[in-house]
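Asks: Quick one: this structure, given as structure tokens, is what I'll be asking you about.
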Amino acid sequence: MARTVFLFGRWTLQPDREPDAEPITYVMECVVCGEHSAVEEDFGEAQRWTFRHAGRHPSHHTYREVITRPWRAWMAGPPPVR
Ligand SMILES: [Zn+2]
């Protein structure tokens, strides 16, 4: 958890794990050609895309994982008194 203080209050920032949070999603990208998997909530699906892609392009050995993680920020209290 990250916290910071501004003149107008203390803010806290945390990964959003509320039931209504957006899902964490995964995309695998081929660094060689730029093709990528669909946006998947199941990392296994993104991995399976990588194996299919490598099977079709045996010289493409390098991949990049892109994770999208929802966060929430809220004001946790007043600013400190000076
Ligand atoms: Zn590729």
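Asks: So in the range 22-41, with the set limited to residues that are closer than 12 Å to residue 68 by Cα and either in a helix (DSSP H, G or I) or of a type outside the set (Ser, Thr, Tyr) (or both), which one is nearest to the ligand (Cβ to nearest atom)? Please lay out each step first, then the result.
Replies: Looking only at the range 22-41, we keep the residues that are closer than 12 Å to residue 68 by Cα, and these are 22-28, 39-41.
Those left that are additionally either in a helix (DSSP H, G or I) or of a type outside the set (Ser, Thr, Tyr) (or both): 22-24, 27-28, 39-41.
Details: 22: 28, 23: 26, 24: 24, 27: 14, 28: 10, 39: 18, 40: 17, 41: 23 Å.
Among residues in the range 22-41 that are closer than 12 Å to residue 68 by Cα and either in a helix (DSSP H, G or I) or of a type outside the set (Ser, Thr, Tyr) (or both), the one nearest to the ligand (Cβ to nearest atom) is 28.
Asks: Report yes if some residue within the range 53-66 is assigned to a strand (DSSP E or B) and touching a Pro at 6+ places or on another chain (Cβ under 9 Å); otherwise report no.
Replies: Within the range 53-66, not a single residue is assigned to a strand (DSSP E or B) and touching a Pro at 6+ places or on another chain (Cβ under 9 Å).
Asks: Out of 9, 44, report the one residue that is away from the ligand (no atom under 16 Å from the Cβ) and at positive phi.
Replies: After applying the criteria, what remains is 9.
Asks: Follow-up. Under 16 Å from the mean Cα position of the chain (by Cα), of a type in the set (Asp, Glu) and loosely packed, with under 13 Cβ neighbours inside 10 Å, is that true of residue 65?
Replies: When the stated conditions are applied, residue 65 does not pass them.
Asks: Within the range 23-42, is even one residue exposed (fewer than 12 other Cβ atoms within 10 Å of the Cβ), β-branched (Val, Ile, Thr) and in contact (Cβ under 8 Å) with a residue 12 or more places away in the chain?
Replies: Yes, that holds for at least one residue.
Values quoted throughout were computed directly from the atomic coordinates according to the rules given, and no laboratory measurement underlies them. Nothing here was measured: the structure is a model prediction, and the numbers come from that model. Heads up, the Cβs are rebuilt from the backbone with ideal geometry, glycines too, and the neighbour counts pull from every protein chain shown.
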